[in-house]
Amino acid sequence: MEFLSKSMKETAKIAEDFASGLEPNKEKATVVGFYGELGSGKTTFMKYFAEFLGVGETVQSPTFVIEKIYKIKDGVFRHLIHIDAYRIEKEEEMLNLGWQKIVSDPKNLICIEWPERIKDIMPEHIKIFFEYAAGVNDENERIIKIEK
């Protein structure tokens, strides 16, 4: 599916629609990879996504801490785990953060920015691509592609 978002409000709606249609994996964590350049909308989408899921905390990019874990009060998932792999230099760093444990729990919903940095340990996952809309005048316009 491909969407053109012309505003933050439209991005919020795309994130909400995606979250409402998300089915958990019964055997392991549900993993979503966010692909795109710096500033392309990954973290903004994540904020709206988390809000729709009922995360009460302010969601910020975990660039420096690598991983943030949020409890989800009501829903099919227990935890929303937000990972920013931008600063990961070796996949072993993710393994040292307990990657195998978090990815094996079907109650976890894991969203990873920059998943290409850990491609050799990424499980099968939903891919969301964020791109600047070419030839537009508004800096908020983005193309968001979702591949399930």
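General remarks:
- Burial ordering of Arg142, Arg117, Arg78, fewest other beta-carbon atoms within 10 Å first: Arg78, Arg117, Arg142
- With a cut-off of 12 Å between beta carbons, the residues surrounding Gly36 carry a summed charge of 0, where Lys and Arg count +1 and Asp and Glu -1.
- Counting only DSSP H runs of at least 4 residues, each contributing -39500 (n - 2.57), and dividing by the residue count of the chain, the helix-based mean residue ellipticity at 222 nm comes to -7000 deg cm²/dmol.
- Taking all C-alpha pairs of the chain, those more than 19 Å from each other amount to 50 percent.
- Footprinting exposure proxy ranking of Met122, Met1, fewest other C-beta atoms within 10 angstrom first, gives Met1, Met122.
- When you restrict to C-alpha pairs under 8 Å that are six or more residues apart and normalise by the size of the range 1-86, the relative contact order lands at 23 percent.
- The range 2-147: antiparallel DSSP beta bridges as a percent of all, rounded to 5: 50
Throughout, read-outs are computed from the coordinates displayed, never taken from laboratory work. Please read all numbers here as calculations on a predicted model, not as lab measurements. Using ideal geometry, Cβ is built from the backbone for each residue, glycine included, and neighbour counts are taken over all protein chains shown.
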